[in-house]
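The values are calculated or read from the model by the stated rules, or taken from the named source; none is laboratory data. This is a predicted model, so every value here is computed, not measured. Neighbour counts are summed over all protein chains in view; Cβ atoms, including those assigned to glycine, are modelled from backbone coordinates with ideal geometry. With ligands, DNA and RNA removed, areas are computed over all heavy atoms of the protein, side chains included. Shrake-Rupley method; radii C 1.70, N 1.55, O 1.52, S 1.80 Å.
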Amino acid sequence: MNTMRALISVSDKTGIVELARDLHALGVGLISTGGTAKLLAEQGLPVTEVAEVTGFPEMLDGRVKTLHPKVHGGLLARRDTPEHMAALQAHGIDTIDLLIVNLYPFEATVAKPGCTLEDAIENIDIGGPAMVRSAAKNWKDVAVLTDASQYATVLADIKAHGHVSEAIRFALSVAAFNRIAQYDAAISGYLSSLDLATGQRSVFSAQANGNFIKLQDLRYGENPHQQAAFYRDLYPAPGSLVMAEQLQGKELSYNNIADADAAWECVKTFDAPACVIVKHANPCGVAVGQDALESYSKAFQTDPTSAFGGIIAFNRPVDKAAAEAVSKQFVEVLMAPSYSAEALEIFKAKANVRVLQIALPPGGSSAWDKGQNAIDVKRIGSGLLMQTADNHELQLADLKVVTRVQPTPTQMQDLLFAWKVAKFVKSNAIVFCANGMTMGVGAGQMSRLDSARIASIKAGHAHLSLQGTAVASDAFFPFRDGLDVVIDQGATSVIQPGGSMRDSEVIDAANERGVAMVFTGVRHFRH
């Protein structure tokens, strides 16, 4: 029925026996390399070893086995070019119609603790990428499979048409070149991060090779005249926004995604039930409560005006009661780990609301387990700024009380809450908090003094009293005037990094005014 020939050479043998068995049943001849050939033969499949095809044994511990004209000629020859076909016939070369290859596990090898340079080098595949490139270049005649997820599609196509259709061959070629680019980028990144003398790796390699997969084209960018698309990391961390499932609503916009990420990154840092409302990349309301409803109700109180058309994130399931409260407002995007059936019914009446479901990260000590980026990147003119992400988590042992007045346990709880929120507010950031909720947020001002004033104005607009509040400042107070503003508004405790040449002046002011002040020794600029 079929005169096709398939060359199989895989490191990851997931599903390969089943694929080979089905290909054989379809009349496809099987060629394979050492370990794969042995496995297929043990399963009773007729398989020809590559060494028989090339007339040359595998050598140099398997480093040389497929780098041969009888392999690459069979892959690269154009079937519609008589000269190519005549050359094959003259040299006794048969065509190869299917190539099934996955590469040595370089990425997995270098990710292991204690990986040596020798281990890494031995896991750099040479013959595999060469064959993949040959087959992918000649996609009009050859189908190249580089991942087990492609096996079922190709089998179904052969069964239906007797061959792999052009559209699928082209898609496989694109996927193959993408895989080679990813593989080479991983090798480049590893080697260019390595200090040969010490064997140590730098966080920042000499060449940055980003690999991102497009999730969708967007209607437009930050403004309607800009084009945009949404990409994810090649290996996304669990619990990150790119893993969200959209349950209902309009297509996400560029600004929706940016704001949703700000809200989700903030809310998932809380252990208690929490709600974060974001507007234009800044939290305008954050609170913890007994459940989703209470946390939302408190967060909304902070700034009801800004919450209109905002992005809302929960770190707990949204039930009927919370859904009823949220649905009374205009919401652009809603995020939660899950929703009750009653909650989803309520949101159906708000068809435009984009409802996202995102599993929380599994938790653990690493940034990956917490669903955090390890590296942050900012685009500048013809370049990039890269830094390790601001994943610092404040510990009680880090705190230094610098005033005569000591914070009470309640004040300390509010200070820690305010500090956690301030980390996600654009600089300069001033955050008033009390009883597990934000009371006033001042963000993104050129002057810390102005941020303090704006935070108090916001509280006034929301009819919230700032008496007895805790205040967090993302960076030190350069003068006492900013501190005086927050105290004048009612703050009785303050948390800030310290580190100013005028720290003594600010500490004296706090003592003079009778408030407690705590230094963290850590700054949280967010531009």
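Per residue of segment 317-328, in order, report the coupling 6.51 cos²θ - 1.76 cosθ + 1.60 (Karplus, θ = phi - 60°) as ³J(HN,Hα) in whole Hz, putting x for Gly and Pro.
With coefficients 6.51, -1.76 and 1.60, one gets x, 8, 9, 4, 4, 5, 4, 4, 5, 5, 5, 6 Hz.
In segment 199-232, which chymotrypsin sites (Phe, Trp or Tyr not before Pro) are in a loop and have at most 16 other Cβ atoms within 10 Å, using DSSP for the loop call?
Within segment 199-232, the qualifying chymotrypsin sites (Phe, Trp or Tyr not before Pro) (loop, at most 16 other Cβ atoms within 10 Å) are F204, Y220.
Which of A41, A299, L464 sits closest to the plus end of the dipole of the chain, meaning its Cα is farthest towards the positive end, when Lys and Arg get +1 and Asp and Glu get -1 on the C-beta?
Sorting the options by dipole projection puts first L464.
Starting from the residue with the highest accessible area, list H524, H392 in decreasing order, probe 1.4 Å.
Most to least solvent-accessible, the answer reads H392, H524.
Express the carbon and sulfur contribution to the solvent-accessible surface of segment 258-308 as a percent, rounded to the nearest whole number, probe 1.4 angstrom.
With neighbouring chains kept in place, the figure for segment 258-308 is 54 percent.
State, to one decimal in nm, how far the label point of R79 lies from the label point of E505, with both points 7 Å from Cα in the Cβ direction.
Taking the two extended label points, one gets 8.1 nm.
What accessible surface, in Å², does a 1.4 Å probe find on I168, ignoring ligands, DNA and RNA and rounding to the nearest 10?
Using a 1.4 Å probe on the heavy atoms, I get roughly 40 Å².
Using a probe of 1.4 angstrom, how much of the accessible area of segment 10-62 is carbon and sulfur, in percent?
Summing carbon and sulfur atoms, their accessible area is 52 percent of the total for segment 10-62.
Provide the per residue accessible area, probe 1.4 Å, for the chain, rounded to a whole number of square angstrom.
48 Å²
Which of the GluC sites (Glu not before Pro) found in segment 218-264 are in a DSSP loop and have at most 16 neighbouring Cβ atoms, other than their own, within 10 Å?
Listed in order of number, the matching sites are E222, E251.
Within segment 334-408, what whole-number % of the accessible surface is contributed by carbon and sulfur, with the 1.4 Å probe and all protein chains included in the calculation?
It is 53 percent, rounded to a whole number.
List the aspartates and glutamates whose alpha-carbon lies under 17 Å from that of K420, not counting same-chain residues fewer than 8 positions away?
Within reach: D261, E265, D271, D390, E393, D398, D474.
For a test of the definition: using alpha carbon positions, the gyration tensor, and the 1.5 limit on a/c, classify segment 220-368 as rounded, prolate or oblate.
Rounded, because the longest to shortest axis ratio a/c is under 1.5.
Using the Cα centre as the reference, give the magnitude of the dipole from point charges on the C-beta atoms of the chain (Lys, Arg: +1; Asp, Glu: -1; all else neutral), rounded to the nearest 20 debye.
Computed about the Cα centre, the dipole is about 780 debye.
Need the full-extension length gain, A367 to M59, defined as separation in residues times 0.36 nm minus the C-alpha distance. One decimal, nm.
Separation in residues times 0.36 nm, less the Cα-Cα distance, equals 106.6 nm.
Can you send over the solvent-accessible area of W419, 1.4 Å probe, protein chains only, in Å² to the nearest 10?
10 Å²
Of A389, A475, A51, which is farthest on the positive side of the dipole of the chain, counting Cα position, with +1 on Lys and Arg Cβ, -1 on Asp and Glu Cβ, and the Cα centre as origin?
The listed residue farthest towards the positive side: A475.
Would you calculate the separation in nanometres between label points at A87 and V174, each defined as 7 Å from the Cα along the Cα-to-beta-carbon direction?
If labels sit at A87 and V174, their model points lie 2.9 nm apart.
Of V318, T410, Q248, which is farthest towards the positive pole of the chain's charge dipole, taken about the Cα centre with +1 and -1 on the beta-carbons of Lys, Arg and Asp, Glu respectively?
Q248
Among DSSP beta bridges whose residues both lie in the chain, state the antiparallel percentage, nearest 5.
Roughly 55 percent of the beta bridges in the chain run antiparallel, per DSSP.
Is the C-alpha gyration tensor of segment 323-375 telling us rounded, prolate or oblate? Criteria: a/c under 1.5 is rounded; beyond that, a/b larger than b/c is prolate, otherwise oblate.
Verdict is prolate for segment 323-375.
Under a 5 Å amide H to amide H cut-off, with H placed in plane at 1.01 Å, what residues pair with Y339 once short-range neighbours are removed?
Amide H neighbours of Y339, under 5 Å, 5+ apart: V318.
Taking the Cα centre of segment 436-527 as origin, work out the dipole magnitude from +1 charges on Lys and Arg Cβ and -1 charges on Asp and Glu Cβ, in debye rounded to 20.
Dipole about the Cα centre, nearest 20: 300 debye.
Set the Förster distance to 35 Å, then compute FRET efficiency between T14 and A351 from the Cβ-Cβ distance, nearest 0.05.
With R0 = 35 Å, the Cβ-Cβ based efficiency is 0.25.
Calculate the dipole size of segment 150-280 relative to its Cα centre from +1 charges on Lys and Arg beta carbons and -1 charges on Asp and Glu beta carbons; express the result in debye to the nearest 20.
Its charge dipole is roughly 220 debye.
Rg and Dmax of the chain, Cα atoms, in Å?
When restricted to the Cα atoms of the chain, Rg and Dmax are 30.0, 97 Å.
What ³J(HN,Hα) values, in whole Hz, does the Karplus curve 6.51 cos²θ - 1.76 cosθ + 1.60 give for segment 134-150 when θ = phi - 60°, with x put for Gly and Pro?
4, 5, 5, 4, 9, 4, 5, 10, 10, 9, 10, 10, 10, 8, 4, 5, 8
For segment 345-441, what does the alpha-carbon gyration tensor say about shape, rounded, prolate or oblate, given a ≥ b ≥ c as the root eigenvalues, a/c under 1.5 as rounded, and a/b over b/c as prolate?
Oblate shape, in that a/c is at least 1.5 and b/c is the bigger or equal ratio.
In whole angstrom, how far apart do the alpha carbon centroids of segment 314-383 and segment 213-232 sit?
Distance between centres, Cα-based: 20 Å.
Pull up all non-local amide H partners of L218: gap of 5 or more, or a different chain, and H-to-H distance under 5 Å with H placed in the peptide plane.
A228, A229, F230
Do any trypsin sites (Lys or Arg not before Pro) in segment 314-367 lie in a loop, going by DSSP, with at most 13 other beta-carbon atoms within 10 Å of their beta carbon, and if so which?
Listed in order of number, the matching sites are K328.
What is the gain in length, in nm to one decimal, between L26 and L117 on full extension, counting 0.36 nm per residue of separation less the C-alpha to C-alpha distance?
28.4 nm
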